[in-house]
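Here's the structure, in structure tokens; my notes come after.
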Amino acid sequence: MTRLVSYDDGQAGCLVGDRVIPLPTGTMRDVIAAWDGGEPAIDGSKGGIPLSDVHLRVPVADPSKIIAAPVNYQDHQAEMNSDAQVGALGFFLKAPSSLLDPGGTIQLPYHDRRFDQEGELALVIGRTARRVSEQEALSYVFGYTALLDITMRGGEDRSTRKSFDTFTPMGPVLVTADEFGDPGDAQLRCWVSGELRQKASTRDLIWSVPRLVSYASSVTTLYPGDVISTGTPAGVGPLTAGDDVRVEISGLGLDLTARVAADAPVASPTSGRDRGPVPPPPPKPRP
């Protein structure tokens with residue numbers, strides 16, 4: 001399996017077992033630019049660097065955009081009491097500045113608002129795509145990774161509620177599309193402080209990965225390195241300072257983790273707290 005990582009100062013490497021083999025192309029941007037639809041060239045004779053000795057970074061640190069699918073699982077639509085799903089809503093954008101390195105700390109900005117975890121499968125575009133068909137859409141996908149779409153609940157625009165700094169942990173691995181397999185048959189699980197909150201299969205996506213890529217490319221040109229997140233299943237719930245979050249997606253081989261803190265929260269300056277879709281109640285405390 002070709003599992004790629006960005007580490008330290010943005011160097012790209014291939015994760016083989018518990019060692020990172022540096023790639024001669026330099027950064028992940030360079031790897032994607034050199035992509036010809038196959039696997040990156042890897043010199044397995046090099047010993048590599050122990051995984052424990054590197055600082056893993058976001059696989060692609062500077063996408064021109066992060067596209068996200070709202071309400072793309074029926075069970076999530078039900079738990080949110082939403083009268084609309086992706087087919088009526090299209091997509092929204094998250095600020096690239098919200099990206100957070102794997103293992104980083106999510107900072108909750110307000111003390112009077114609810115913030116939820118949303119575990120998702122995300123993909124990275126490998127070549128420029130404009131108005132591509134569903135049939136050819138997957139040929140534009142470089143690889144797949146895990147993403148957390150941290151969300152403030154309320155009536156503000158989605159792009160506002162989901163674009164705070166640190167609200168998009170992503171990674172730690174980017175598995176090339178030829179090795180990942182069918183994105184319509186991946187298993188996703190998400191834990192918060194050891195509690196399993198989300199468990200789903202991408203078979204249950206309302207809009208499949210090819211349809212999402214095709215639709216997004218009909219609205220805006222997709223460039224290499226752009227990220228598309230496919231939406232979250234049921235099981236979202238509130239986060240509090242001190243929580244830790246972990247996302248596991250089959251086919252990736254390394255989980256995405258993040259910590260939660262609220263080091264300097266203030267009161268929210270907007271009044272959307274009691275507006276918008278009604279989220280599910282918080283999980284009951286464990287005995």
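The values are calculated or read from the model by the stated rules, or taken from the named source; none is laboratory data. Computed from a prediction, not measured in an experiment: that's the story for all the values here. Glycine gets a Cβ as well: all are built from the backbone with ideal geometry, and neighbour counts include every protein chain shown. Ligands, DNA and RNA are excluded from the accessible area calculation, which covers all protein heavy atoms including side chains. Shrake-Rupley method; radii C 1.70, N 1.55, O 1.52, S 1.80 Å.
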Fill in: Local net charge near residue 68, Cβ-Cβ under 13 Å (Lys/Arg +1, Asp/Glu -1)
0
Practice prompt. Could you tally the net charge around residue 79, taking each other residue with its Cβ under 13 Å from the Cβ of residue 79, Lys/Arg +1 and Asp/Glu -1?
Written response: -1
Worksheet item: Using a 1.4 Å probe, what is the accessible area per residue for the stretch 41-110, in Å²?
Response: 44
Worksheet item: Within the accessible area of the stretch 105-235, what % is carbon and sulfur when the probe is 1.4 Å and the other protein chains stay in place?
Response: 44
Item to complete: Add +1 for every Lys or Arg and -1 for every Asp or Glu among the other residues with Cβ under 11 Å from the Cβ of residue 107, and state the total.
Response: -1
Item to complete: Round to the nearest 10 and give me the degree value, 0 to 90, for the angle of helix 209-219's Cα axis relative to the longest principal axis of the chain.
Response: 80
Discussion item. Positive end of the dipole of the chain, charges at C-beta (+1 Lys, Arg; -1 Asp, Glu), about the Cα centre: which of 183, 11, 267 has its Cα farthest in that direction?
Written reply: 267
Practice prompt. Would you mind classifying the stretch 129-287 by shape? Square roots of the alpha carbon gyration tensor eigenvalues, ordered a ≥ b ≥ c; an a/c under 1.5 is rounded, otherwise it is prolate if a/b is larger than b/c and oblate if not.
Written response: prolate
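Would you work out the charge dipole size for the chain about its Cα centre, treating the Cβ of every Lys and Arg as +1 and the Cβ of every Asp and Glu as -1, and quote it to the nearest 20 debye?
Roughly 600 debye, rounded to the nearest 20.
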Discussion item. For Cα pairs less than 8 Å apart in space and 6+ apart in sequence, what is the mean separation divided by the residue count of the chain, i.e. the relative contact order in percent?
Written reply: 25
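What whole-number value in Å² describes the accessible area per residue of the stretch 158-287 for a 1.4 Å probe?
Accessible area per residue: 44 Å².
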